[in-house]
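Each value in this text was obtained by applying a stated rule to the coordinates, not by laboratory testing. Note that the structure is a prediction, hence the values are computed from the model and not measured. Heads up, the Cβs are rebuilt from the backbone with ideal geometry, glycines too, and the neighbour counts pull from every protein chain shown.
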């Protein structure tokens, strides 16, 4: 079985997040990480590999430094890594991104494609389903469990108050939730090997069956009219009181605001 | 693509178990405003099986026209038949705007439909208006938070139609219903032939009994990991009851298995804007803040005085939530006695 996992390098919003005095985000203070939903997708692929045997290829589209997350994936146990990087692909919206990734995937054999549900920088959850549409294969979103049964993949798809158990014939694309599992750590041997491993680099010329008019900033149907860091509502009062005084304080505020 | 061929504001009227979801009414409410600015009307697209009877309620909330796609293939939400239904409606009726709720269903359906009809899609919009983009008039300007709510971007889709957006539930206002209002009902069935993209459904498992939705609550008492244990949520239930509110929670609580996903506030949970939000033992990751910072009044109780929740709280109390909450409940009960 051949599995492709799509991963994205994103700025970490946990821990390293710092605000500037004006209330906006201090991006300089953030580290780059493998997107958490994608990492869960990779773990799911590696679990299937352990159980059934599979070749796992990780694919990322991004700047040359996205190589870091591909090496991390190799150190976790992925077999091959491909980086799609080219200046003409920059500034892509989800349509142009999914067109690019589909164009790369058309060069590969696969039974299963796994993507994260969404990336923590854009939060759109669009690229996975759009890739599947471009490749004309079925999609199952929000997987909380993935199993294989012969030529079929069986997935628990989470919705708000219920989940569906679905069965799709492969090839199929599945989007993974970070709740799916707890990703394994890189192994020391894996880190050593990944350091030297070859990462395949593809550019525009390597994409199959895609038109220039659907790529990069100019090929993106959606355009940014304006973007700004959100100025958060400022902090209000903060008090340190004993329990009795704290209760009195809250009661006074609830009364002032006509809540009680 | 001749953009002038595309007219009207369409909304996807999501239904589950043949009950219209609130998001449909919210989208009609916003759609009416956009349609008024464009001098056009609002069409609700209702897909399902035996759903025609639901058209009247869409009319009462303001839909001028309802397109009903009724077919056994649409009984339970499945990506491919629903994509086929909505993409076919778009190809036949050519709307200039197509709004879909940013629900679990809408966020699965929207991208697939947009890719099939080859247009852009803006996710999780919190503000929509008609305006000018690069000297092109009457464009849909779609505003959305990104980066866990830390940046705001306004997006346009000037050269493709329809202009598609998913819209966050609980943000747009629905109109007051007009009892007895009628809409033009158009039945349309593009035909459903299962192919390799159809996925078989083996089982539907409902995890929690249908309960009231935290998005409708006027007062929310919300608990985080700082509550220490699932048992300690009992004191939050009592406080919520005394205030006439409901209990919600942070993602950490859901991840720990203490509470179901339906109670989660935040970027990957629900967006809430109650009159009062009391954050109990919630540190306030930015993804959480994105889901609740529009609340009218925010009170935070946390023993860590550096917790980010205090950055958005109107009133922050540094202290032991497990000691304060029971006494607060008692004080509220006494004040009402």
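When each of B:90, A:260, B:309 is scored by the number of other beta-carbon atoms lying within 10 Å, the sequence from fewest to most is A:260, B:90, B:309.
Within the listed set A:182, A:145, A:226, the residue fluctuating most in the Gaussian network model of chain A (springs between alpha-carbon atoms under 10 angstrom) is A:226.
Across A:64, A:183, A:129, mean-square fluctuation computed from a Gaussian network of chain A (C-alpha pairs under 10 Å connected) peaks at A:64. Take every DSSP beta bridge whose two residues both sit in the protein assembly as shown; close to 35 percent of them are antiparallel. Relative to the longest principal axis of the Cα atoms of chain B, the long axis of helix B:321-336 makes an angle of roughly 80 degrees. Applying 1/(1 + (r/R0)^6) with r as the Cβ-Cβ distance of residue B:19 and residue B:231 and R0 = 35 angstrom yields a FRET efficiency of 0.55. First check a/c for the stretch B:209-337, with a ≥ b ≥ c the square roots of the eigenvalues of its C-alpha gyration tensor; if it is under 1.5, answer rounded, and if not, answer prolate when a/b is larger than b/c or oblate otherwise. The shape class here is rounded. Let me know the shape class of the stretch A:2-214, please: from the alpha-carbon gyration tensor, a ≥ b ≥ c as square roots of the eigenvalues, rounded when a/c is under 1.5, otherwise prolate if a/b is greater than b/c, or oblate. Here the stretch A:2-214 falls in the rounded category. Looking at the stretch B:3-187 alone, DSSP beta bridges between its own residues are antiparallel in about 35 percent of cases. The long axis of helix B:233-243 is offset from the longest Cα principal axis of chain B by roughly 80 degrees. Among beta bridges identified by DSSP and lying wholly in chain B, the antiparallel ones come to about 20 percent. Cβ-Cβ distance of residue A:109 and residue B:196, R₀ of 25 Å, FRET efficiency by 1/(1 + (r/R0)^6): the value works out to about 0.90. Per-residue ellipticity at 222 nm, computed for chain B from helices alone with -39500 (n - 2.57) per DSSP H run of at least four residues, works out to -8000 deg cm²/dmol. Counted by neighbouring Cβ atoms within 10 Å, the residues A:5, B:205 run from fewest to most as B:205, A:5. Enclosing the Cα atoms of the stretch B:36-131 in their convex hull gives a volume equal to 111 cubic angstrom per residue.
Between the Cα long axis of helix B:104-116 and the first principal axis of chain B there is an angle of about 30°, rounded to the nearest 10.
Compactness ratio for the stretch B:240-295: Cα radius of gyration over 2.2 N^0.38 Å (N = residue count) comes to 1.05.
Residue separation of residue B:136 and residue B:173 scaled by 0.36 nm, minus their Cα-Cα distance, works out to 10.5 nm of gained length.
Which value in deg cm²/dmol, rounded to the nearest 500, describes the helix-derived mean residue ellipticity at 222 nm for chain A, given -39,500 (n - 2.57) per DSSP H run of n ≥ 4 and division by the residue count?
So the helix-based figure for chain A works out to -8500 deg cm²/dmol.
Taking every Cα-Cα distance in the protein assembly as shown and sorting them into 10 Å bins starting at zero, the pair-distance distribution P(r) comes out as 3, 17, 26, 27, 19, 8, 1, 0 percent. As a proxy for reagent exposure, ranking A:106, B:161 by other Cβ atoms within 10 Å from fewest up yields A:106, B:161.
Using the Cβ-Cβ distance between residue A:32 and residue A:212 with R0 set to 45 Å, the FRET efficiency from 1/(1 + (r/R0)^6) comes to roughly 0.95. Report the residue, chosen from B:66, B:312, B:204, that carries the largest GNM mean-square fluctuation when chain B is represented by alpha-carbon nodes joined by springs under 10 Å. Highest fluctuation of the listed residues: B:204. Averaging 1/r over each pair of different alpha-carbon atoms in the stretch B:158-205 and inverting the result gives 17.0 Å, the Kirkwood hydrodynamic radius. For the stretch B:20-178, relative contact order (Cα pairs under 8 Å, six or more residues apart, normalised by length) works out to 27 percent.
Run a plain Debye calculation on the stretch B:3-187 (Cα atoms as equal point scatterers, no solvent) and give log10 I(q)/I(0) at q = 0.09, 0.15, 0.16, 0.20 Å⁻¹, rounded to two decimals, same order as the q list. Treating every Cα as an identical point scatterer, log10 I(q)/I(0) equals -0.28, -0.80, -0.92, -1.48.
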